[in-house]
1. With the requirement that a residue be open to solvent by 10 Å² or more (accessible area, probe 1.4 Å) and either assigned to a loop (DSSP other than H, G, I, E, B) or within 15 Å of the ligand (Cβ to nearest atom) (or both), what does region 116-139 give you?
2. Please list, ordered by first then second residue, the pairs with beta carbon atoms under 7 Å, 6 or more apart or interchain, first in region 157-179 and away from the ligand (no atom under 15 Å from the Cβ) and open to solvent by less than 60 Å² (accessible area, probe 1.4 Å), second part of a loop (DSSP other than H, G, I, E, B) and among the basic types (K, R).
3. For region 8-29, check the following and say yes or no: at least one residue is part of a strand (DSSP E or B), at pLDDT 95 or above and open to solvent by 20 Å² or more (accessible area, probe 1.4 Å).
4. Go through region 141-156 residue by residue and tally those that are in a strand (DSSP E or B) and either at pLDDT below 95 or away from the ligand (no atom under 16 Å from the Cβ) (or both).
Amino acid sequence: MGKVLVVGGTHGNECNAPWLLRTPRPDEGGLNKNGLDTAGLAVLPLLGNPEALAAGRRYLDRDLNRSFEPALVADPSRGEHELGLARRWLDRYGPLGKEPCLVALDLHSTTAAMGNCLVAYGRRPGDLALAAALQHRLGLPLYLHEGDPAQSGYLVESWPCGLVIEVGPVPQGVIQARVVEQTRLALEEALALLAQARQGVLPQPRELVVHLHHGSLDLPRHPDGSAAAVVHPQRQNRDWQPLRAGDPLFLDQQGRTLVFEPPAELAGQTVCPVFVNEAAYGEKGIAFSLTSRQTWPVRPEWAEALIQLARGLEAA
Ligand SMILES: [Zn+2]
């Protein structure tokens, strides 16, 4: 048996989810002390990185959402603040922790115009079932991140099932009521669907639209590492929108437009950039990530896997 872990503030400069999780609302039926409608499920709200939140920084020593790499967590010689947090949260709330959680919902915001969306890591059937149900109910696009050795150690991967709910655009460190409410909408719907799955039912669409991670592109750079171009104005704020060969991509300091040349392996596919000009990804050398838009048939074993897991969820 276990609870649903709901994490806000994994990145300390993303303040909307912490606001949602901290804000009390008048008690109504089905609302817990944090003002969330948890659909009768036992939910454990957690501020992922309180010290970074207090400092108004994404992290103190390293990105917490790249710190759940088992080898890093197990390495006692690594003393970074965020690895300490990863160990603490796994010890307390991990699937084998003192207060075990079976599902992790990790709430983020982004400076990119991603709207209200979902991020999954890999192809775990339960994650795909929850994402399909959420997409069916709310129309949320799904970014499926996998197989990128430069980007790993995501929080939700350490729990048996988990998704990221990502909302943007919103500047770092800024709370916007609209973003808080979008986060609440997706979170409460996810909890409602998990509660249904616990009862043995999970409405599934016939198809799931997936934006499959292909890789990331950096800005063109000078030899000293400084940016030699910016994201082209015709590409800014156009996350999820198809990018075709010859479309403007970057604008250099001489005002010249650099256009998109699709990599050979993406030929014939619908290529959609995501996290366009996300402020936090500059340090990672990412101007945006490239995805291919695919429509997958929803497989019955996805819902079966989630229902099986959700039977172990505790009631509030
Ligand atoms: Zn984040």
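1. N116, Y121, G122, R123, R124, G139
2. Once the first residue is away from the ligand (no atom under 15 Å from the Cβ) and open to solvent by less than 60 Å² (accessible area, probe 1.4 Å) and sits in region 157-179, its partners that are part of a loop (DSSP other than H, G, I, E, B) and among the basic types (K, R) give C161/R124.
3. No: region 8-29 contains no residue that is part of a strand (DSSP E or B), at pLDDT 95 or above and open to solvent by 20 Å² or more (accessible area, probe 1.4 Å).
4. Initial filter on region 141-156 (in a strand (DSSP E or B)): 142-145.
Of the ones still in play, those that are also either at pLDDT below 95 or away from the ligand (no atom under 16 Å from the Cβ) (or both) are 142, 144.
Selection size over region 141-156: 2.
The values are calculated or read from the model by the stated rules, or taken from the named source; none is laboratory data. Not measured: the values here are computed from a predicted model. With ideal geometry, Cβ positions are generated from the backbone for all residues, glycine too; neighbour counts draw on all protein chains shown. Note: areas computed on protein heavy atoms with side chains; ligands, DNA, RNA excluded. Shrake-Rupley method; radii C 1.70, N 1.55, O 1.52, S 1.80 Å.
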